[in-house]
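Comments concern the structure below.
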Amino acid sequence: MDQNKNLAELLFPHIDKTPEYYEALYPQRQLPEGARVTRFAPSPTGYLHIGGLFGALVDVLTARSTGGVAYLRIEDTDKKREIEHGADEIITSLAQYGVCFDEGAAADGEAEKGSYGPYRQSMRKEIYQTFAKDLVKRGLAYPCFCSAEELDEIRKAQEAEKADMGYYGSYAKCRNLSIEEIEANIKAGKEYVLRLRSDGNAENKITCRDLIRGNIEMPENIMDVVLLKSDGIPTYHFAHVVDDFLMGTTHVIRGDEWISSYPLHEQLFRASGLKMPKYAHIAPIMKLDGGENKKRKLSKRKDPEQSLDYYRQEGYPPLA
Ligand code: GLU
């Protein structure tokens, strides 16, 4: 136990706050019974498209019809894929279409609205690290020093053994490093990521109670996924858990490409001891193509109507 505390101090000497500190800083929202708190959480890795706009509208209408709150959170943790002025473009497009949030990120140079911010993930590094430190303290997360080559070797071994791919179980080389080994690696300047120590068992099933699709059974997560990247910035998985908890989200409404990550998200909420919101996964916008019953997802490459520019150019008024 003390080993874990020492490890937490070793990895996060600069973090002096606790999850309780942030829970007190962002107290539970005082809202009428049944009020829903939703968020639209785009990543500025591309322009807002019709699917995103639809999701944002669902968020706003869901909150508004229940006397709740809809807020905008910019998920800008992937600096490599971010496009220039991406967040500002999204914010401007939403406003052009009259999709207005009660709280959240504002265009560059303007003040954010709301007391649960900052609403840009890049400004919340210390908050994520506080929750990560707590996981390390409780033995639920550990540093992984595996290089790209080592990860490649693991992949090859898994291919040869026809095992599931990923960093888990006996393939997770850094799972049981001693604190002395970790200290030596850090002293040697080796880079590391922070991983979840998954307690999942693939034989066990969990149920995702999706508000749209109903109950979906899925195997528990067994992967020791990355929580913090080597620059200390969180992955989406970890960041959204911390944020949706602290920002008081009651309903996560998101694209159904995230359903398969649900078991991991459920595990992360449980490990962090945080109350999980309800989830609703919405289908992508489809297009009829080649016959009455032939539907397919709108494609960024093939379909101009994926882009909001198309509607502007064709003269559709925003209300339509
Ligand atoms: N940043 C994620 C995305 O753009 C958000 C998913 C979510 O709404 O939780 O796909």
Hits in the stretch 145-188 - residues which are at positive phi and touching a strand residue (DSSP E or B) at 6+ places or on another chain (Cβ under 8 Å)
Gly166
Please note which helices (runs of 4 or more DSSP H) are completely contained in the stretch 68-165 and include at least 3 residues that are among the small types (Gly, Ala, Ser).
86-96, 148-160
Can we say Ser307 is within 23 Å of the chain's Cα centre (by Cα), farther than 28 Å from Lys137 by Cα and either touching a residue at least 24 places away in the same chain (Cβ under 8 Å) or surrounded by fewer than 14 Cβ atoms within 10 Å (Cβ to Cβ) (or both)?
no
Restricting to the stretch 212-264, name every residue that is of a type in the set (Val, Ile, Thr) and over 27 Å from Glu20 (Cβ atoms).
Ile212, Ile216, Ile222, Ile253, Ile259
For Thr130, all conditions in the list (1) open to solvent by 60 Å² or more (accessible area, probe 1.4 Å); (2) in contact with a Lys or Arg (Cβ under 8 Å, 6 or more places away or on another chain) hold save one; what is the number of the exception?
(1)
I need a count of the residues in the stretch 15-50 that are in a loop (DSSP other than H, G, I, E, B) and touching a residue at least 12 places away in the same chain (Cβ under 8 Å).
19
Being touching an Asp or Glu at 6+ places or on another chain (Cβ under 8 Å) and within 27 Å of Tyr316 (Cβ to Cβ) is the filter here; which residues of the stretch 55-70 pass it?
Ala63, Ala70
Quick check on Glu292: is it open to solvent by 30 Å² or more (accessible area, probe 1.4 Å), assigned to a helix (DSSP H, G or I) and more than 12 Å from the ligand (Cβ to nearest atom)?
no
Kindly evaluate Asp256 against the criterion of being open to solvent by 20 Å² or more (accessible area, probe 1.4 Å) and either within 12 Å of the ligand (Cβ to nearest atom) or in contact with a His (Cβ under 6 Å, 6 or more places away or on another chain) (or both).
yes
Within the stretch 1-31, take every residue that is surrounded by 14 or more Cβ atoms within 10 Å (Cβ to Cβ) and of a type in the set (A, V, I, L, M) and give me the one that is nearest to the ligand (Cβ to nearest atom).
Leu31
Somewhere in the stretch 219-242, is a residue of a type in the set (Ser, Thr, Tyr), touching a Pro at 6+ places or on another chain (Cβ under 9 Å), closer than 21 Å to Leu53 by Cβ and modelled with pLDDT of 95 or more?
no
Counting only residues that are among the charged types (D, E, K, R) and open to solvent by 20 Å² or more (accessible area, probe 1.4 Å), which one in the stretch 32-55 is farthest from the ligand (Cβ to nearest atom)?
Glu33
Go through the stretch 224-266 residue by residue and tally those that are of a type in the set (S, T, N, Q) and without any contact (Cβ under 8 Å) to a residue 60 or more places away in the chain.
3
Are any residues in the stretch 89-104 open to solvent by 40 Å² or more (accessible area, probe 1.4 Å) and without any contact (Cβ under 8 Å) to a residue 40 or more places away in the chain, and if so, which ones?
Thr92, Ala95, Asp102
Under 27 Å from Met286 (Cβ atoms) and open to solvent by less than 20 Å² (accessible area, probe 1.4 Å): is that true of Pro263 in this structure?
yes
Within the set of pairs 6 or more residues apart or between chains, which connect a residue that is open to solvent by 60 Å² or more (accessible area, probe 1.4 Å) inside the stretch 184-212 to a residue that is basic (Lys, Arg) with Cβ atoms less than 6 Å apart?
Leu211/Lys278
Out of Lys278, Lys297, sole residue that is at pLDDT 95 or above, within 15 Å of the ligand (Cβ to nearest atom) and open to solvent by 60 Å² or more (accessible area, probe 1.4 Å):
Lys278
Can you find a residue in the stretch 212-234 that is more than 19 Å from the chain's Cα centre (by Cα) and within 15 Å of the ligand (Cβ to nearest atom)?
yes
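The values are calculated or read from the model by the stated rules, or taken from the named source; none is laboratory data. Please read these numbers as outputs of a predicted model, since none were measured by experiment. Reconstructed Cβ throughout: ideal geometry from the backbone, glycine too, with neighbour counts over all protein chains shown. Calculation scope for accessible area: heavy atoms of the full protein, side chains included, ligands and nucleic acids excluded. Shrake-Rupley method; radii C 1.70, N 1.55, O 1.52, S 1.80 Å.
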